[in-house]
Amino acid sequence: NEINEVPFFDVQLPYELALKIFQYLGKTELGRCAQVSRTWKALAEDEVLWYRLCQKEGYLLDTSISDHACWKLALKNCRARERTLKTNWKNRIGAVSQLRYELGKILCDVHSCDGVVIAGYTSGEVRLWDTRTWDYTAPILEPVHSPGDAGPRPHVSFVRINSSLAVAAYEDGTISIWNLMFGREPIHHYQHNQRIQALALGSEGAVVATASGFEVKVESPDDRGFWQTTATFDIQKLVNFLNLVPDVVGNPVTVAAAEDIVYLLKAEDPGKILHSVYGQPVTCLDVSAHEAAFGVKNFGWLLNEPNQILLYNLETSQCLKKMGNSIGDFTCVNLQNSPPNMLVTGNKDRRVRVFDLRKSESLCSLYAHQLGVSAVQMDDWKIISGGEEGLVCVWDQRMGTKLWEMHARHPVRHVWFNSHSLITANIPNEKSLPGTSITDDDLTVHHKYRGIIYAYEFSADQLAVESVLPICRSKVTGYNYNIGLAVPYDNI
């Protein structure tokens, strides 16, 4: 009788069926339902519903439903922690540390993965830091020892790291591979006859690709763990950029840019050309699981083709988009680490541009670096950019405004961040110290020419607090110096 009675309230549903109905509601609706009656309150606060909401929003994905007594409170704490992190990012509240290794002489190359940093030096040494534990007594990875190692070791050309492997390429064409679980000794090494121009390491798994001269070599272990040469490709020109396509099942796929030709290198189709236009050299390259993005440079006689970013589908080998119309060359592009359907680029014209892959025009253009942009990365709300003049800028993407910046002497060659930490590396262009060779071993001389790595921590947990010196942890209300920042400030 719908005239005198409210429908649904008098219907005695089984608990499982009522829970099935409530699982279609969000947080706000469940909060309103909890105020209706005791029965609805018990339903709306069921742990299964809030566990699913927590998983749906991306929190505590590696946990089971029995790990927390109250999943509603767990979701509330996760959202509060995320808001605090975002506030700390915007206001530069946190700790910053310098990863220095003076005995390595001049910094040559830096790479990072999930907070673990690898650095190569002109002394030939390769060093690791694990910033997740703020442990700066990290090991030095040992090189391959041979009987004729009496003289100085060659410089490190490139370093790469993922969750399980570390790779270093040296000036004499040697490549050493370490397993991060098996100690400091390399598990595999091989040799090129010429200097290595590019090095690539798969984001997951154990695949290494190197380019030397007109040859690209791919190495990976077999089923028994023995490393071997998976494929060798002959290229018509010298390779400038090299990337391994992530999430490939079976034989690895490599994308190589050699001057004005972009190759898609597969074992079954070794000489496939993805893109080739004479007189338009490739200036930057990045790949995702299904697409490749690269910048092309225009010369004066091709007035109808400006400097652009081209997006290719790796499965169909078709050009999907031509983005940008810039006077300057595109110097860096980040596709793999960007949000879905997004791409961020840096240009010599001092601008950082964000593109929507479903459109051709840029969503925002940020004027930043006086000598050109050298490194970029973005997530769903912020952009981190590094410039040739040594400036690191943090931008709010939606507002298009600069939140804060940091400056060091040398060009920014590496930028990496996750939700709570940021790693930047300023690497000198010159690999020799000015002055006489007598002072090369003096650690106090030419300190400013060595390059530097910064590690920032923005989380509010104990890690960031412990990195601040005890004398600077002031308890006075309205007066709190944080020595973890490069510039101490008052938080009133």
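The values are calculated or read from the model by the stated rules, or taken from the named source; none is laboratory data. In this text, all values refer to a predicted model and were calculated from it rather than measured experimentally. All Cβ positions, glycine included, derive from the backbone under ideal geometry; neighbour counts span all protein chains shown. In case anyone asks, the SASA skips ligands and DNA or RNA and just uses the protein heavy atoms, side chains included. Shrake-Rupley method; radii C 1.70, N 1.55, O 1.52, S 1.80 Å.
Is it the case, given these coordinates, that D260 is within 23 Å of the chain's Cα centre (by Cα) and of a type in the set (D, E)? The answer is no for D260. Can you find a residue in region 348-364 that is more than 18 Å from Q397 (Cβ to Cβ), surrounded by fewer than 22 Cβ atoms within 10 Å (Cβ to Cβ) and under 20 Å from the mean Cα position of the chain (by Cα)? No, region 348-364 contains no residue that is more than 18 Å from Q397 (Cβ to Cβ), surrounded by fewer than 22 Cβ atoms within 10 Å (Cβ to Cβ) and under 20 Å from the mean Cα position of the chain (by Cα).
Of all residues in region 30-45, those being buried (at least 16 other Cβ atoms within 10 Å of the Cβ), closer than 21 Å to A80 by Cα and not aliphatic (A, V, I, L, M) number 1. Within this structure, E389 passes the test of being at negative phi, surrounded by fewer than 21 Cβ atoms within 10 Å (Cβ to Cβ) and in contact with a His (Cβ under 8 Å, 6 or more places away or on another chain).
Of the set (1) touching a strand residue (DSSP E or B) at 6+ places or on another chain (Cβ under 7 Å); (2) in a loop (DSSP other than H, G, I, E, B); (3) within 30 Å of V392 (Cβ to Cβ); (4) open to solvent by 10 Å² or more (accessible area, probe 1.4 Å), all apply to V333 but (2). If only residues of region 210-261 that are of a type in the set (S, T, Y) and crowded, with 22+ Cβ neighbours inside 10 Å are counted, the one that is nearest to G173 (Cα to Cα) is T210. Checking the conditions here, which among K76, K56, K27, K20 is open to solvent by 60 Å² or more (accessible area, probe 1.4 Å) and in contact (Cβ under 8 Å) with a residue 12 or more places away in the chain? After applying the criteria, what remains is K27. Among the residues here, E291 does not qualify as surrounded by 15 or more Cβ atoms within 10 Å (Cβ to Cβ) and on the phi > 0 side of the Ramachandran plot.
Within region 153-187, the set of residues being open to solvent by 10 Å² or more (accessible area, probe 1.4 Å), at negative phi and out of contact with any Ser or Thr (no Cβ under 8 Å at 6 or more places or on another chain) comprises S157, F158, R160, S163, S164, D172, T174, F182, R184, E185, I187.
Condition (residue is open to solvent by less than 10 Å² (accessible area, probe 1.4 Å) and either at pLDDT 90 or above or among the β-branched types (V, I, T) (or both)) applied to region 427-442: is it met by at least one residue? Yes: region 427-442 contains one or more residues that are open to solvent by less than 10 Å² (accessible area, probe 1.4 Å) and either at pLDDT 90 or above or among the β-branched types (V, I, T) (or both). State the number of residues belonging to region 79-120 that are under 21 Å from Y59 (Cα atoms) and either of a type outside the set (A, V, I, L, M, F, W, C) or surrounded by fewer than 15 Cβ atoms within 10 Å (Cβ to Cβ) (or both). Qualifying residue count for the region: 11.
Anything in region 262-273 that is among the aliphatic types (A, V, I, L, M) and open to solvent by 60 Å² or more (accessible area, probe 1.4 Å)? List them, or say none. I273 - this is the single residue of region 262-273 that is among the aliphatic types (A, V, I, L, M) and open to solvent by 60 Å² or more (accessible area, probe 1.4 Å). Tell me whether region 128-135 contains one or more residues that are buried (at least 21 other Cβ atoms within 10 Å of the Cβ) and modelled with pLDDT of 90 or more. Taking every residue of region 128-135 in turn, at least one turns out to be buried (at least 21 other Cβ atoms within 10 Å of the Cβ) and modelled with pLDDT of 90 or more. For residues in region 274-287 being open to solvent by less than 20 Å² (accessible area, probe 1.4 Å) and in a loop (DSSP other than H, G, I, E, B), which is nearest to A256 (Cα to Cα)? Selected residue: Q280. Scanning region 294-330 for residues that are at pLDDT 90 or above, β-branched (V, I, T) and either open to solvent by 20 Å² or more (accessible area, probe 1.4 Å) or closer than 23 Å to D114 by Cβ (or both) yields a count of 1.
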